[in-house]
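Working notes, beginning with the structure itself.
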Amino acid sequence: MFKKILINSNKVNLKSSDFKKYETDGFYLRKNFFSKKTAKELKKYAEKYYGEPPRYPITLNIHRKDENFLNVITDKNLTKLVKFFQKSKIDALNDQMIYKKKKSTYAGQSWTYHQDNSYPRAKYGSYVIVHFFLDDSTPKNGGLIFFKGSHKENLLPNKLRVSHRERKNKKGVTRPGRTINKIDLERVKNTYQKIDLNASSGSICVMHSYLVHGSYPNNSKIKDRATYSMAYLNRGSRLKFSGLVSKKIRTKIN
Ligand SMILES: O=C(O)CCC(=O)C(=O)O
Ligand SMILES: [Fe+2]
């Protein structure tokens, strides 16, 4: 039976200094944006209705079939914040529920360094990601790794890897992502500061779609690391690729 979850988010007053920070770093972390209760309930609900035990692969585009997640991706406070950073009207495009449930097959999902815009190839800056952390996320339980400021790079040449229901290596780790080529990656590593993101449950992180990033595997035996990641596109902006695995359908945000 459908259980309606109260989406409890905070109205935030953003300043030009927040925008400057985002422009400089390529990401913006906001703690306690959603309540911890909302994060906890959404996680439990997603696992129950969409998780596929014991493997728990990523679920794509829950918001298209589920009202609770539609309520998250269209949340007024959240979309207001996204519009602030995008300086544009926006549409919600797609989403990803990543469970990284402890000891599950895909706990060991460690994303290779990539830029999210290498998938849809939208115009610079028009495509943006918001990660909503449903658990505390640290390097120990599969947290994100960012190269601060690397969103100033062009879209770098990359190699397509299987990134959905991909296979594990001998160490039990999977390595999805459109991996940036070696030479550019070395330069990125030498140029930008590597940030291990620590984000508590209920936090959100706005991430520029040109930011070079990856993630650790969740090797923790006691902690899950669930994240609901949403993608938005500036209204009227075009995409080069609509996506084979995750088809891009626009949901208008008012
Ligand atoms: O949450 C993670 O481990 C990284 C996911 C990611 O970068 C992606 O899906 O593009
Ligand atoms: Fe990514």
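What residue, among those in segment 64-81 that are crowded, with 21+ Cβ neighbours inside 10 Å and aliphatic (A, V, I, L, M), is nearest to the chain's Cα centre (by Cα)? Checked segment 64-81; the qualifying residue nearest to the chain's Cα centre (by Cα) is ILE73.
Considering only residues that are of a type in the set (S, T, N, Q) and more than 15 Å from ligand 2 (Cβ to nearest atom), look in segment 185-215 and name the one that is nearest to LYS36 (Cα to Cα). Among them, the one singled out is SER201.
Restrict the check to segment 44-52 and report whether at least one residue is acidic (Asp, Glu), over 19 Å from the mean Cα position of the chain (by Cα) and either closer than 24 Å to ILE249 by Cβ or modelled with pLDDT under 95 (or both). There is at least one residue in segment 44-52 that is acidic (Asp, Glu), over 19 Å from the mean Cα position of the chain (by Cα) and either closer than 24 Å to ILE249 by Cβ or modelled with pLDDT under 95 (or both). Residue count for segment 48-78 satisfying the condition of being more than 22 Å from VAL162 (Cβ to Cβ) and not in a helix (DSSP H, G or I): 4.
The number of residues in segment 211-233 being within 11 Å of ligand 1 (Cβ to nearest atom) and either of a type in the set (Ser, Thr, Tyr) or over 20 Å from TYR50 (Cβ atoms) (or both) comes to 10. Here the strands (runs of 3 or more DSSP E) wholly within segment 166-218 that include at least 3 residues being closer than 13 Å to HIS114 by Cβ are 213-215.
Only strands (runs of 3 or more DSSP E) whose full extent lies in segment 87-162 are considered here, and the ones with at least 2 residues that are more than 14 Å from ligand 1 (Cβ to nearest atom) are 90-98. Tallying residues that are under 25 Å from ILE90 (Cβ atoms) and within 14 Å of ligand 2 (Cβ to nearest atom) within segment 133-146 yields 3.
Counting only residues that are surrounded by 15 or more Cβ atoms within 10 Å (Cβ to Cβ) and in contact with a helix residue (DSSP H, G or I) (Cβ under 8 Å, 6 or more places away or on another chain), segment 35-63 holds 10 of them. Among the residues of segment 170-182, are any away from ligand 2 (no atom under 16 Å from the Cβ), touching a residue at least 40 places away in the same chain (Cβ under 8 Å) and farther than 18 Å from ALA226 by Cα? Yes, that holds for at least one residue.
Does at least one position in segment 27-47 carry a residue that is assigned to a loop (DSSP other than H, G, I, E, B), over 28 Å from HIS151 (Cα atoms) and touching a residue at least 60 places away in the same chain (Cβ under 8 Å)? Looking through segment 27-47, at least one residue is assigned to a loop (DSSP other than H, G, I, E, B), over 28 Å from HIS151 (Cα atoms) and touching a residue at least 60 places away in the same chain (Cβ under 8 Å). Taking first residues from segment 226-254 that are within 30 Å of ASN198 (Cβ to Cβ) and partners that are acidic (Asp, Glu) and not in a strand (DSSP E or B), the Cβ contacts under 8 Å between residues at least 6 apart in sequence or on separate chains come to ALA226/GLU47; ALA226/ASP135; THR227/ASP135; ALA231/ASP116. Sub-7 Å Cβ pairs linking a first residue in segment 107-125 that is among the acidic types (Asp, Glu) to a second residue that is within 11 Å of ligand 1 (Cβ to nearest atom), at least 6 apart or interchain, are ASP116/ILE129; ASP116/SER209, ordered by first then second residue. Looking across LYS221, LYS168, LYS148, LYS152, one residue alone is more than 20 Å from the chain's Cα centre (by Cα) and modelled with pLDDT of 95 or more. It is LYS221. Tell me, yes or no, whether segment 202-210 has at least one residue that is within 16 Å of ligand 1 (Cβ to nearest atom), over 20 Å from the mean Cα position of the chain (by Cα), in contact (Cβ under 8 Å) with a residue 40 or more places away in the chain and buried (at least 16 other Cβ atoms within 10 Å of the Cβ). No, the conditions are met nowhere in segment 202-210.
The values are calculated or read from the model by the stated rules, or taken from the named source; none is laboratory data. Note that this is a predicted model, so its numbers are computed, not measured. FYI the Cβ positions are ideal-geometry reconstructions off the backbone, even for glycines, and counts take in every protein chain you see.
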